[in-house]
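The structure under discussion appears below in the form of structure tokens.
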Amino acid sequence: MLTSEQSRLGDVQLLVRGHWSFSPLVLLLLLPVPIFVLSYFEPTSAYLNWGQPYLLNNTFWVYAATNLAVIACVFLFGFSSNQKSNILIFTQDQMYRLERVTRLITIITFLSYGTWLTIGIIRGLNLELVRDVFSGSNGAIWVLKTTILAPISGVTTWSQLGVVLGPLLVIRQRLTGRKQTRLFASLFIVTLLRAIFFSERLALVEVVVTTAVAYLFLAPKLPSILLRPWKFVLSWIALAACYVTFFATTEFFRSWTFYSTVTQQNIFQFSYDRIIAYYATAFNNGALYLNTNGLSWDPFALIQGNFGLFGLQDFLVNTSEGGAARFTNALWSSSDPEFSNVSGLFLTTSSLGILASWLFWLGLSLLIVSIYRKAVSGSPTSIVAYSVATVGVLEIDRLFYFGQSRTLPVIIALILFSLYLSPPHTKPTAASSEKV
């Protein structure tokens, strides 16, 4: 990497490397597979404690397990412990284009958050309501989420570009040598506030995960915790403990005031139980979805969320077979709407059928492996795209991330980014065949 002064004088070189620790297979083994196993062995009484009748049977578990097996086989096929590294050579034109893209994404992201906050203040956001949130007052989060900070079509949509902005800032920092501390901190703060006041922890998880993965691709030196498998496992356990702590903090503002009066658990025990609940009930909701809709051909059911952008919501309502609406009605009438996510491993089976679901996961998994390999080969767009895809892989048990409305602006940005920025030249490094 050259300094910012040198980068104005000629081409800029940047090292990019892959590593087994953030390959698709290892990501799958770190979270989705253990969560699947834990959910399978979770006692039926746990689901009743979470307010849901236990609906899973062996047939339903086989549906999910075979989908997971297809993904694992593809990721295993694409796995290699001999990770390559390459040197990217950016021309001044490519540097200029990358800088323009980064600036545009920065402006759109923070302008969206600023507009969202301004409209929230107009709707009634004030210091008293903020104090209610931090004191854990019952109903404060609900008022914010459903009224004061309710999503605004065409505004909150583009705040999702923060998922892309994190990796772009990593690339900019490595290319120019200029620290991006203020922008990183600002992005972290706005998404943290979103996680607290809008009760959307996934927004913060997205930014942290995508930024971290991009950093690992471009780090001048791999962190020592990745050089030994046992260090990596210990660091993952420590990271899981940090997430439980983060979850406990946000849950305190969200629901602890109520649940502290009806449970004998402490806040950390309660939070761990809730984390398991969010994933296990997603499988149970998958069974409810299948019971309600059966095995059908309704591919548009894979696209979920509020698609007010470009009038897509009306199109989806008119083209879908109504599976999501039937599921929602069933959830309210016979289960607990507090846990409403449907596992992606079940959603594809119900919406496409068994065989088509296998083929779907085969194709999507091959695409993820291809993006990962292109990222290692030096494609900036693929580095950002794979960083985003890691969220979808890690959350596959809980939801179908790639079909969520929150992912649409990210996909649009990645497509335009790939068309605007030509890939840099690459050359292999002397260590490209070493085992790391």
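Within segment 160-173, is even one residue crowded, with 20+ Cβ neighbours inside 10 Å, of a type outside the set (Val, Ile, Thr) and in contact with a strand residue (DSSP E or B) (Cβ under 7 Å, 6 or more places away or on another chain)?
Filtering segment 160-173 down to residues crowded, with 20+ Cβ neighbours inside 10 Å leaves 160-172.
Now drop any that are not of a type outside the set (Val, Ile, Thr), which leaves 160-162, 165-169, 172.
Cutting the leftovers down to in contact with a strand residue (DSSP E or B) (Cβ under 7 Å, 6 or more places away or on another chain) gives us none.
So far as segment 160-173 goes, no, none of its residues is crowded, with 20+ Cβ neighbours inside 10 Å, of a type outside the set (Val, Ile, Thr) and in contact with a strand residue (DSSP E or B) (Cβ under 7 Å, 6 or more places away or on another chain).
Yes/no per residue for (1) within 30 Å of Leu169 (Cα to Cα); (2) among the charged types (D, E, K, R); (3) out of contact with any Phe, Trp or Tyr (no Cβ under 8 Å at 6 or more places or on another chain); (4) at pLDDT below 85:
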{"position": "Leu222", "(1), (2), (3), (4)": "yes, no, yes, yes"}
{"position": "Arg228", "(1), (2), (3), (4)": "yes, yes, yes, yes"}
{"position": "Ile237", "(1), (2), (3), (4)": "yes, no, yes, no"}
{"position": "Phe246", "(1), (2), (3), (4)": "yes, no, yes, no"}
{"position": "Asn285", "(1), (2), (3), (4)": "no, no, no, no"}
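Residues that are in contact with a helix residue (DSSP H, G or I) (Cβ under 8 Å, 6 or more places away or on another chain): find the helices (runs of 4 or more DSSP H) completely inside segment 17-59 holding 3 or more of those. Steps first, answer last, please.
On the way: elements: 24-30, 32-40, 44-49.
So the answer is 24-30, 32-40.
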Counted residues, segment 226-277 - those being in contact (Cβ under 8 Å) with a residue 40 or more places away in the chain and basic (Lys, Arg): 1
Touching a Pro at 6+ places or on another chain (Cβ under 9 Å) and either closer than 21 Å to Tyr386 by Cα or exposed (fewer than 13 other Cβ atoms within 10 Å of the Cβ) (or both): which single residue out of Leu48, Leu76, Leu68, Leu30 fits that description? Leu68
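What tally of residues in segment 112-145 results from selecting those that are more than 17 Å from Ser405 (Cβ to Cβ) and in a helix (DSSP H, G or I)?
So the first thing to find is which residues in segment 112-145 are more than 17 Å from Ser405 (Cβ to Cβ), and the list is 113-115, 117-144.
Within this subset, residues satisfying the condition of being in a helix (DSSP H, G or I) are 113-115, 117-123, 127-134, 140-144.
Qualifying residue count for the region: 23.
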Taking only pairs six or more apart or across chains, which ones have beta-carbon atoms under 9 Å, a first residue in segment 83-97 that is in a loop (DSSP other than H, G, I, E, B) and of a type in the set (A, V, I, L, M, F, W, C), and a second residue that is modelled with pLDDT under 85 and surrounded by 15 or more Cβ atoms within 10 Å (Cβ to Cβ)? none
When you go through Leu202, Leu192, Leu239, Leu216 one by one, which is the residue that is under 26 Å from Leu165 (Cα atoms), in contact with a Leu (Cβ under 6 Å, 6 or more places away or on another chain), part of a helix (DSSP H, G or I) and not charged (D, E, K, R)? Leu192
Here are the criteria: (1) assigned to a helix (DSSP H, G or I); (2) surrounded by fewer than 20 Cβ atoms within 10 Å (Cβ to Cβ). Tell me which single one Ser271 does not satisfy. (2)
In segment 219-230, how many are part of a loop (DSSP other than H, G, I, E, B) and either of a type outside the set (D, E, K, R) or closer than 12 Å to Val391 by Cα (or both)? 5
Quick check on my filter: what residues within segment 175-225 are free of Cβ contacts under 8 Å to residues at least 60 places away in the same chain and at positive phi? Ser199
When Ser351 is evaluated against the numbered criteria (1) under 15 Å from Gln304 (Cβ atoms); (2) out of contact with any helix residue (DSSP H, G or I) (no Cβ under 6 Å at 6 or more places or on another chain), which criterion, by number, is the only one it fails? (2)
Of all residues in segment 178-189, count the ones that are surrounded by fewer than 21 Cβ atoms within 10 Å (Cβ to Cβ), in a helix (DSSP H, G or I) and not β-branched (Val, Ile, Thr). 6
Filtered residue count, segment 334-378, keeping only those that are closer than 21 Å to Leu25 by Cβ and out of contact with any strand residue (DSSP E or B) (no Cβ under 9 Å at 6 or more places or on another chain): 22
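The values are calculated or read from the model by the stated rules, or taken from the named source; none is laboratory data. Predicted model only: the values in this text are computed from it and were never measured. Here the Cβ is made from the backbone with ideal geometry for all residues, glycine too, and neighbour counts use every protein chain on show.
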